[in-house]
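Encoded as structure tokens, the structure appears first; notes follow it.
The values are calculated or read from the model by the stated rules, or taken from the named source; none is laboratory data. Treat the numbers as computed from the prediction; the structure is a model and nothing was measured. Ideal geometry is used to build each Cβ from the backbone, glycine not excepted, and the neighbour counts take in all protein chains shown.
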Amino acid sequence: MADTLKTDIVVIGGGISGLWLLNAFKQLGFNSLLLEKNTLGGDQTIASQGMIHGGIKYTLGGFSTPASISIASMPETWRNCLSGAGTMDLRQVDVLSNDYYLFSDGSISSKLTAFLGSKSIRSRVSSLPRQEYPKPFSNAQFKGWLYQLQDLVINTSSLLTTLQNLAEKHTFRTSVRLVCNTHNQVECVQLENGLSLKASLYVLAAGAGNADLLAACNIGSIKMQRRPLHQVMLCSEDLPSVFAHAVSLGSADKPRITITTHKTKNGVPVWYLGGDLAETGVRRSEGEQIDFAQKELSSLFPWMTPSKAQWATHRIDRAEPAQAERNRPDHPYHKSTQNLLVCWPTKLTLVPMMAESICATLTREHTLPAQPGGKNHLALPDLPIAEVSPAPWETAF
Ligand SMILES: Cc1cc2nc3c(=O)[nH]c(=O)nc-3n(C[C@H](O)[C@H](O)[C@H](O)COP(=O)(O)OP(=O)(O)OC[C@H]3O[C@@H](n4cnc5c(N)ncnc54)[C@H](O)[C@@H]3O)c2cc1C
């Protein structure tokens with residue numbers, strides 16, 4: 001019979017959710033380890049734009065929304081972690097930009113203009129005088145307006161590495177099979193080296209992979225939705241760093257384009273384009289999506305023609321708890337059933353909030369050892385340590 005090992009908590013899935021939770025459980029003193037079937041962050045986290053935002057982009061209809069209210073305090077929570085004063089020590093994480101902007105092509109609704117200037121939102125948005133506009137907005141041809149937000153942008157690869165190191169690399173690469181009994185309770189996890197792992201709690205933090213794991217345990221009460229995106233990448237030596245949402249009358253209540261700037265392995269700048277362009281772009285082929293992005297950029301930045309630009313696209317689904325009419329969820333999600341806990345943060349930004357809420361439920365909803373197991377963490381020497389995934393722009397160019 002295969003060997004069975006025991007631990008307090010097994011985390012399945014090594015994106016930002018799984019890695020953050022693994023560290024949070026260790027901080028509480030529980031023996032815990034993480035199982036990743038491929039590369040760390042390989043689905044959504046490494047493909048994300050890395051924006052830690054306070055939800056202003058959810059107010060583009062000209063009023064606060066539940067999503068914008070629940071997320072408002074998150075930039076401060078992350079800044080505390082990045083300075084070493086928060087609940088997670090993120091001092092090793094690279095910050096790509098401490099500033100994030102919202103710019104218009106000159107045509108935004110008067111309702112939104114009034115809202116951005118209103119007292120209720122003034123602490124989160126400031127309108128900049130033209131002489132302080134950063135590149136490329138300092139160009140005389142730029143006729144729109146620029147607002148500075150409280151948001152920041154982090155390098156998600158360095159976030160994943162930092163969290164993996166903090167957890168002393170208790171992050172193993174293996175396929176997993178959940179063995180469940182007739183009461184939908186998890187009996188153990190079978191690993192690809194033949195070992196079985198028994199735990200008091202099994203945490204599914206596998207993003208889109210949660211759906212199959214839930215199906216394997218016949219749990220139909222927790223449902224997932226996917227919302228696809230078709231992101232665009234533009235790589236050229238000439239690109240200035242831009243971290244900004246473009247808004248205009250045509251973009252209604254969503255950013256028309258969301259731009260973040262990253263680097264290829266050779267240090268060449270890459271603009272990574274999301275927002276409405278990526279949502280509507282799911283219906284376009286790669287070639288059509290690139291054509292569309294080129295037209296959008298030349299209408300927003302007519303004075304810029306990057307030389308020798310290379311283009312590519314990246315398709316990826318957001319995995320979230322199912323909502324009516326596949327709407328965007330407003331909050332991070334976690335739900336327990338028996339000895340299983342399932343989670344989707346719905347935003348990278350919201351992971352600290354999700355982890356705090358999960359940790360608060362641990363002793364309330366689960367039969368975990370009264371005395372957490374302490375520091376003698378289980379090692380799985382036959383299994384490789386999972387590696388951090390390359391970013392889409394590192395493989396595309
Ligand atoms: C294009 C894009 C841009 C985004 N930009 C932002 C942004 O700027 N700011 C923001 O706040 N949010 C953003 N988001 C949302 C954010 O990226 C996600 O909410 C977050 O990364 C989800 O993290 P996760 O760990 O839950 O899932 P994932 O990052 O998808 O990680 C899941 C992990 O589980 C593993 N896995 C899957 N199945 C199994 C299995 N059976 N066994 C073991 N392991 C398994 C996968 O390999 C993967 O490593 C963006 C999302 C997308 C798609």
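General observations
- Screening Arg91 on (1) of a type in the set (Lys, Arg); (2) modelled with pLDDT of 95 or more; (3) part of a helix (DSSP H, G or I) shows it passes everything except condition (3).
- Test for Ile16: is it more than 9 Å from the ligand (Cβ to nearest atom), outside the structural domain of Ile259 (by TED's automatic domain parsing) and buried (at least 22 other Cβ atoms within 10 Å of the Cβ): no
- Yes/no for Leu28 being under 26 Å from Ile316 (Cα atoms) and assigned by TED's automatic domain parsing to the domain that holds His170: no
- For the stretch 19-52, a tally of residues being more than 6 Å from the ligand (Cβ to nearest atom), assigned to a loop (DSSP other than H, G, I, E, B) and on the phi < 0 side of the Ramachandran plot returns 4.
- Any chance Arg328 is more than 30 Å from Phe25 (Cβ to Cβ), within 14 Å of the ligand (Cβ to nearest atom) and within 16 Å of the chain's Cα centre (by Cα): no
- Members of the stretch 34-58 that are at pLDDT below 95 and in contact with a Leu (Cβ under 9 Å, 6 or more places away or on another chain): His53, Gly54, Ile56, Lys57
- Checklist (1) within 22 Å of Phe103 (Cα to Cα); (2) more than 23 Å from the chain's Cα centre (by Cα) applied to Asp276, failing item: (2)
- Subset tally (residues that are in a loop (DSSP other than H, G, I, E, B) and either in contact with a Lys or Arg (Cβ under 7 Å, 6 or more places away or on another chain) or outside the structural domain of Gln148 (by TED's automatic domain parsing) (or both)) for the stretch 224-250: 3
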